[in-house]
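Working notes, beginning with the structure itself.
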Amino acid sequence: MTQDPPGGPMTRNDEATPGHDAETPVQGGGTPVDGGGPDAQERPEARLEKAVYAAEHALIEFEIALETFRVEVENFSRLHHQKLGPMYARLDELDAQIAEARAARTGDPEDVRRAQEARAAVMPMPGVEELFHDWMDSDGISPEAAAMLTGRQVRAPKRVRPSEEARRLYRELARRAHPDLAQDETERARREEFITRVNAAYALGDAEQLRELAQEWDAGPVPPEHRFSAAEELYARLEWLSQRREMLGAHARELEESAIGAMLRMAPDDPDRLLEEIAEQLLAQVAERERELAGLLQ
């Protein structure tokens with residue numbers, strides 16, 4: 001991907017498609033200019049102001065689509081581990097048992113070696129409580145377990161893709177409160193703190209919390225409208241927007257090229273169904289291994 005959006009949310013009709021150049025004017029947008037007709041003389045900064053306006057809103061649309069995809073990648077990764085991890089562990093254990101049963105039958109040194117390797121590759125089998133309560137993950141204690149121990153409320157996502165209502169509320173809030181619309185550091189800090197909470201609610205698909213955040217934003221202070229006073233400021237703003245778009249494009253490529261990103265691109269319309277299909281395939285493999293083991297043990 002060069003300027004194309006990351007795979008998944010950026011290619012669906014209901015999402016923004018920020019793959020166009022940031023300087024391309026947004027249809028229906030723009031800053032009013034002086035004068036009443038097409039031949040009226042524009043202020044020297046007017047065209048720059050319109051370019052900045054278009055670049056800001058194109059960048060925000062790209063960031064909304066990128067965050068949408070990032071949430072799906074993280075949710076898919078967590079749900080993949082939670083739902084399918086025990087199945088992978090069961091397959092490893094069955095492979096080890098099959099290799100051990102075959103070595104016991106043949107006594108062949110090569111079969112014995114393979115059995116030892118298969119057993120060494122198996123992680124200790126978790127108990128039932130561990131399997132279903134997700135106390136441990138690949139990084140140690142899971143966030144959900146840590147939340148129970150510390151009193152924090154942390155919930156895993158219920159599904160890979162949040163509901164349509166949650167996605168609509170998120171896009172509206174991101175467009176209104178995005179930090180890239182701030183014109184000073186105080187306002188940027190306020191917006192960044194708010195958007196952090198918006199992103200967290202969206203990652204969980206919590207439409208109710210997003211509605212509450214929308215009410216909070218409506219009741220908050222309205223920053224005074226900022227007018228650029230010099231062409232140099234407008235050029236600097238355009239340069240900053242261009243650099244940020246380049247940085248986000250690199251992040252989008254990393255997500256798209258990751259293993260989970262590649263899996264999501266296989267099922268852009270229903271990533272939750274992809275998890276179900278993988279689970280069905282793993283269950284079929286478990287059943288096949290169990291039959292093979294039973295035959296060796298007869």
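Given the Cα-Cα distance of residue 240 and residue 106 and 0.36 nm per residue of separation, how much length would full extension add, in nm?
Working: separation 134, 0.36 × 134 = 48.24 nm, distance 6.96 nm.
Working it through step by step, the gained length comes to 41.3 nm.
With each label point set 7 Å from Cα along the Cα-Cβ vector, what nm distance links residue 168 and residue 211?
Result: 1.2 nm between the two label points.
Give me the 1.4 Å probe accessible area per residue for region 184-282, excluding ligands and nucleic acids, in Å². Spell out each step's value before the answer.
Values: 5870 Å² over 99 residues.
Dividing the accessible area of region 184-282 by its residue count gives 59 Å².
In angstroms, what radius of gyration and Dmax does region 152-298 have, counting Cα atoms only?
Gyration radius and largest Cα-Cα distance of region 152-298: 22.8, 87 Å.
Hey, can you rank 164-170, 256-262, 62-68 by average C-beta count inside 10 Å, highest first? Provide the component values of the computation, followed by the final result.
Numbers: 164-170: 18.4, 256-262: 15.0, 62-68: 23.3.
Descending packing order for the listed peptides: 62-68, 164-170, 256-262.
Please compute the modelled spin-label separation between residue 89 and residue 192, points set 7 Å along Cα→Cβ, answer in nm with one decimal.
In this crude spin-label approximation the distance works out to 3.9 nm.
Roughly what would the spin-label model give for residue 297 and residue 258, points 7 Å off Cα along C-beta, in nm?
3.9 nm
Estimate the FRET efficiency between residue 279 and residue 180 by the formula 1/(1 + (r/R0)^6), using the beta-carbon distance for r and 35 Å for R0, to the nearest 0.05. Mind showing how you got there, number by number?
Values: r = 40 Å, r/R0 = 1.14.
Computed FRET efficiency for residue 279 and residue 180: 0.30.
The values are calculated or read from the model by the stated rules, or taken from the named source; none is laboratory data. Note that the structure is predicted; figures quoted are calculated from it, not measured. Positions of Cβ are backbone-derived with ideal geometry, glycine not excepted, and every protein chain shown enters the neighbour counts. Accessible surface is based on the protein model in full, side chains and every heavy atom, while ligands, DNA and RNA are left aside. Shrake-Rupley method; radii C 1.70, N 1.55, O 1.52, S 1.80 Å.
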